[in-house]
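Below you'll find the structure, written out as structure tokens, and then a few comments.
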Amino acid sequence: MMSDIRKEIQNRILILDGAMGTMLQQYNFTEEDFRGERFKDFPTSLKGNNDLLSITQPEAIAEVHRKYFEAGADIVETNTFSGTSIAMSDYQMEDLVYELNFESAKIAKQVAQEFTKQNPDKPRFVAGSIGPTNKTASLSPDVNRPEYRAISFEELRIAYKEQVEALIDGGVDLLLVETIFDTLNAKAALFAIEEVKEERNINIPVMVSGTITDASGRTLSGQTVEAFLTSISHIPLLSVGFNCALGAEQLKPYLQRLSNQTEFPTSAHPNAGLPNAFGEYDQTPEQMEKLIEDYLQDGLINIIGGCCGTSPAHIKAIAKVAQKYEPRQIEVEV
């Protein structure tokens, strides 16, 4: 599928899906639903472990993917944002990491194949979602011990490699290293991906998506747009972009800087605005559509989707407006 997605990204703006977590919240799954029969006697609470639902509630995960494809998505992300042994240690489920990623990829791939079969002229793709983990390799979590690190590059590399191998075995078409708040974590993921590519003699496409955390225009670990881009540009990438933390309006100036500086195709999947006082996202699909159209008019984007708070309705609105525009042409300032 590699040649297909590289061909598609040249021909049109590709649509990424929206938030998995936002959709799963609507099911109001209980602790028992998360556990299912298999984990009914598990020693720790499992509610909130969304990745586990690929095993205990696979029909719901498939339904979410189906709704995003129906809304117009070209690419859906696997339900594996926390699918590393590092993140799964919160639930004492490190031993399940391979199975979680494999099953998540398999579910998404089956749904993608359904839609591609229905319309071969619009192939659908599956991106293996690789989240940042809940630890940072660049910063100390203890203000009294600035030299301390909760995780090492090597530990991250090993954890990411396990996830990547399972995602590829499950059938993903590309890998998405996303919501990057610490580029050192991302570099460990990219190093692991390159290892797997070399060992298996494959060339799976890779998307990279960082996170600008606030109006400072920097990642949590302190990098500017340009520094972030420099840190990861030694890897041949399908695309580079930003997601999460900010809404489409707040993200635009950073996408402009990115677009001016990179020869890679660019991506964005912003939140549905900024969260309100209750941590909820109020931006409607119509509001988000108008903001995304600003990106498209300025020729900033090759891949566009949604992050926190977005739903199939948001993706449908984005897909509709994206049809009117050509993808970003690569013109880098020197």
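Contact map, region 105-127: residues that are modelled with pLDDT of 95 or more and aromatic (F, W, Y) paired with residues that are crowded, with 17+ Cβ neighbours inside 10 Å and in a helix (DSSP H, G or I), Cβ distance under 6 Å, separation 6+ or inter-chain. Pairs shown: F115/F69; F125/I5.
Checking D142, D90, D121 one by one, the residue that is under 22 Å from I303 (Cα atoms) and among the acidic types (D, E) is D121 and no other. Is one or more of the residues making up region 257-272 surrounded by 13 or more Cβ atoms within 10 Å (Cβ to Cβ), in contact with an Asp or Glu (Cβ under 9 Å, 6 or more places away or on another chain), of a type in the set (D, E, K, R) and part of a helix (DSSP H, G or I)? For region 257-272, residues surrounded by 13 or more Cβ atoms within 10 Å (Cβ to Cβ), in contact with an Asp or Glu (Cβ under 9 Å, 6 or more places away or on another chain), of a type in the set (D, E, K, R) and part of a helix (DSSP H, G or I): present. Any chance region 27-35 includes a residue that's of a type in the set (K, R), part of a loop (DSSP other than H, G, I, E, B) and surrounded by fewer than 22 Cβ atoms within 10 Å (Cβ to Cβ)? Scanning region 27-35, I find no residue that is of a type in the set (K, R), part of a loop (DSSP other than H, G, I, E, B) and surrounded by fewer than 22 Cβ atoms within 10 Å (Cβ to Cβ), so the answer is no.
Among the residues of region 203-224, the ones that are buried (at least 23 other Cβ atoms within 10 Å of the Cβ) and either in contact with a Lys or Arg (Cβ under 9 Å, 6 or more places away or on another chain) or not in a loop (DSSP other than H, G, I, E, B) (or both) come to 6 in all. Of the listed requirements (1) touching a residue at least 60 places away in the same chain (Cβ under 8 Å); (2) within 18 Å of L53 (Cβ to Cβ); (3) out of contact with any His (no Cβ under 8 Å at 6 or more places or on another chain); (4) not hydroxyl-bearing (S, T, Y), E155 misses just one: (2).
For residues that are of a type outside the set (A, V, I, L, M, F, W, C), under 19 Å from R35 (Cβ atoms) and crowded, with 20+ Cβ neighbours inside 10 Å, tally how many sit in region 85-124.
Summing the residues that are of a type outside the set (A, V, I, L, M, F, W, C), under 19 Å from R35 (Cβ atoms) and crowded, with 20+ Cβ neighbours inside 10 Å in region 85-124 gives 3.
Summed over region 142-189, residues that are assigned to a helix (DSSP H, G or I) and not small (G, A, S) total 19.
The values are calculated or read from the model by the stated rules, or taken from the named source; none is laboratory data. Please read all numbers here as calculations on a predicted model, not as lab measurements. Cβ: placed from backbone, ideal geometry, glycine included. Neighbour counts: every protein chain shown.
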